[in-house]
Amino acid sequence: MSLILPIIAVVIGLLIAYFLKANSSSVKLLLSFSGAFLLSITVFEFIPKVYGDYHKLIGVFTMLGILLQIFLEFLSRGAEHGHLHHHEDTQRFPVLLFVSLCIHSLLEGYPLHGNDHLLWGVVIHKVPIAIIIASFLIHSQLSKTKVILFLLVFAMMTPIGSLIHKYFSFLTEYEIYIEAMVIGIFLHVSTTILFESSKNHQFNISKVLMIVLGVVVAYFL
């Protein structure tokens, strides 16, 4: 499941991008739901698991994850939480965006092996992000070959992260620190989605309801 579902999420995002604008209200509401869902899964399950045998380095690596995500968003201009605009279109392959998203996706895939609830959190988060990225690429001046290559590699990075966790046993010694970094990444991405996806940072009733729904679904999942 951890190998197939993230790829399906990107394919769904690509298909939706052909029919909806990336800044449409429905995509923004889905983004809010996904942010609330991912944050809730992280708080309800992921943090208690990693912090169960707490020592100071876990907190250090969580903060490193937050700082790493800030740096990645500097490269990607915030694509991980839905900030891409069509006026940035270019004929040049967006290398920094590509590298940033691949690193983010690889790391988020690492803790998914054997963790179905967290898997669903990542998958639900990935759909609206894939919609926005696919829409940006479709409306850019890139060739179809480059667009397909971008989305294909992006889709594969999360499953690759999960496979690294499964087959690279020497990383077990460092697993808790890697997962602490991923917690930092999830905390930054999900809270940024919740607080920056509305115009002028204002909440409307639709967004509030989607956030509440995301929290409730995550709790009862």
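Nonpolar atom fraction for the chain, defined as the carbon and sulfur part of the 1.4 Å probe accessible area, stands at 70 percent. Remark: for residue pairs K146/K166; K49/K126; K49/K166, the C-alpha separation exceeds 20 Å in K146/K166; K49/K126. Multiplying the residue separation of F71 and L221 by 0.36 nm and removing their Cα-Cα distance gives an extension gain of 50.8 nm. Taken per residue, the accessible surface of the chain reaches 50 Å², heavy atoms only and a 1.4 Å probe. With the helix formula -39500 (n - 2.57) applied to DSSP H stretches of n ≥ 4, the chain reaches a computed 222 nm mean residue ellipticity of -23500 deg cm²/dmol. Paramagnetic label reach from V212 (point 7 Å along Cα→Cβ; backbone nitrogen cut-off under 12 Å): within the range 8-49, no residues.
The values are calculated or read from the model by the stated rules, or taken from the named source; none is laboratory data. Note that the structure is a prediction, hence the values are computed from the model and not measured. For neighbour counting, all protein chains shown are included, and Cβ atoms are generated from backbone atoms with ideal geometry for every residue, glycine included. Areas reflect the complete protein model, heavy atoms only, side chains present, ligands, DNA and RNA absent. Shrake-Rupley method; radii C 1.70, N 1.55, O 1.52, S 1.80 Å.
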